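The next block holds one structure in the form of structure tokens; read it before the comments.
The values are calculated or read from the model by the stated rules, or taken from the named source; none is laboratory data. Note that the structure is predicted; figures quoted are calculated from it, not measured. Quick reminder, even Gly has a Cβ in these numbers, built from the backbone with ideal geometry, and neighbours come from all protein chains shown.
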Amino acid sequence: MKFIDEVKITLASGRGGPGCVSFRRESMQARGGPDGGNGGKGGDVIIRTSRHINSLVDLRQNKRYAAQSGRMGEGRQKSGMDGEDFVLIVPEGTVIRNMDGEIIVDMTGISEYTLLKGGRGGKGNEFFKNSINQAPEHAQPGEDNEEIEVKLELKLIADVGIIGFPNAGKSTLVSRISAARPKIADYPFTTLTPNLGVVKAGDYTSFVVADIPGLVKGAHEGVGLGIQFLKHIERTRLFIHLVDASGLSGREPLDDFMDINNELKMYDENNQDKEGFFPLATRPQFVVLNKIDTLSDNQLSKLKNKFKDVTGSEPYAISAVTGKNIKEFVQELARQILKEEEQ
């Protein structure tokens, strides 16, 4: 299924049904009087989250969704039926904005939200009967509905976001430490959709990792897959910054590390004024050198020292393909997540 993370749609609640003008006309009832019933209420537009869907692809079928309008009142004081609510099912973590970009509601931790109220039904002429006006010949029209054009934006919810250049081994790492089985191949942008995996780090500890598609230089301006996936790491608690230590790509591992961090800083600068935005560059990073099975001990030691000189701490070293140091890596990662939760 294609991953759809942004959709523009129009939503409308239902109009209220009009009240009825009616007079009783029965045998043996010389002065029946007014008996027009009230109109029904229009349906609401309700946003509801579901754990069983993970994209907005189904909402691309239609551009407008509306609740049902209330029915008109009838004679004999019969009220019109209320219109059915329209329930829009979205994935957890969906952000709903107006067309000015302002957040209306963030469906993170919220199971249901009433976005638009249906119009009230109009009163029938029986409602207006009094001692002075015993035969009112008017009724209320139904109240107007509400309509709004919105932008739905889905951001993945994960504890850990795995960032790094294409072919750094992110998908391989996710498949190694979780039950997720993303597509893996040796060419740029193999991963076209973010992959989520649940990692077990003990009998009672687990966390969710998101394999974020490869970033490249200029991603904050939309180069490569760019901004489309940069925003998905906004919700993660910390990052695994995965670096291809092999050098087989023709790039320097430390340069890759610096370039990705620069993209995070530039992305922050471009989005710092947006409501609800949390900077990426200041998030804790768990720096990991991957593909160490291609290096000698001496080469690995020199590379670790280079990173330590820049970051102030020694990076973790693994091989996602062979599984070397993976178990210890997961345990240390779980400790880091627990530490972030306690802060």
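Every condition in (1) on the phi > 0 side of the Ramachandran plot; (2) touching a helix residue (DSSP H, G or I) at 6+ places or on another chain (Cβ under 9 Å) holds for Gly312 except the one numbered (2).
Do we find that Glu6 is modelled with pLDDT of 80 or more and more than 22 Å from Lys117 (Cβ to Cβ) in this structure? Quick ask: steps written out before the conclusion?
On the way: modelled with pLDDT of 80 or more: yes; more than 22 Å from Lys117 (Cβ to Cβ): yes.
Considered against the rule, which asks whether it is modelled with pLDDT of 80 or more and more than 22 Å from Lys117 (Cβ to Cβ), Glu6 comes out as yes.
Candidates are the residues of the range 246-260 that are in a helix (DSSP H, G or I) and touching a residue at least 24 places away in the same chain (Cβ under 8 Å); the one that is nearest to Asp100 (Cα to Cα) is Ile260.
Are there strands (runs of 3 or more DSSP E) fully within the range 120-237 with at least 3 residues that are modelled with pLDDT under 85 and either β-branched (Val, Ile, Thr) or within 28 Å of Ile96 (Cα to Cα) (or both)? List them. Please lay out each step first, then the result.
Details: elements: 147-154, 160-163, 195-200, 206-211.
So the answer is 195-200, 206-211.
Here Ser301 meets each of (1) within 19 Å of Asn167 (Cβ to Cβ); (2) out of contact with any Asp or Glu (no Cβ under 8 Å at 6 or more places or on another chain); (3) hydroxyl-bearing (Ser, Thr, Tyr) with one exception, condition (1).
Among the residues examined, Val45 qualifies as buried (at least 19 other Cβ atoms within 10 Å of the Cβ), farther than 16 Å from Gly142 by Cβ and in the same structural domain as Gly121 (by TED's automatic domain parsing).
How many residues are among the hydroxyl-bearing types (Ser, Thr, Tyr) and in contact (Cβ under 8 Å) with a residue 24 or more places away in the chain when one looks only at the range 261-303? Please lay out each step first, then the result.
So in the range 261-303, the residues among the hydroxyl-bearing types (Ser, Thr, Tyr) come out as 267, 282, 294, 296, 301.
If we keep only those that are in contact (Cβ under 8 Å) with a residue 24 or more places away in the chain too, we end up with 267, 294.
Residues in the range 261-303 being among the hydroxyl-bearing types (Ser, Thr, Tyr) and in contact (Cβ under 8 Å) with a residue 24 or more places away in the chain: 2 in total.
Can you tell which of Glu332, Glu341 is modelled with pLDDT under 90 and under 30 Å from Ile103 (Cβ atoms)?
Details: Glu332 fails: under 30 Å from Ile103 (Cβ atoms).
It is Glu341.
Taken together, the residues in the range 261-309 that are at pLDDT below 90 and over 23 Å from Glu332 (Cα atoms) amount to 18.
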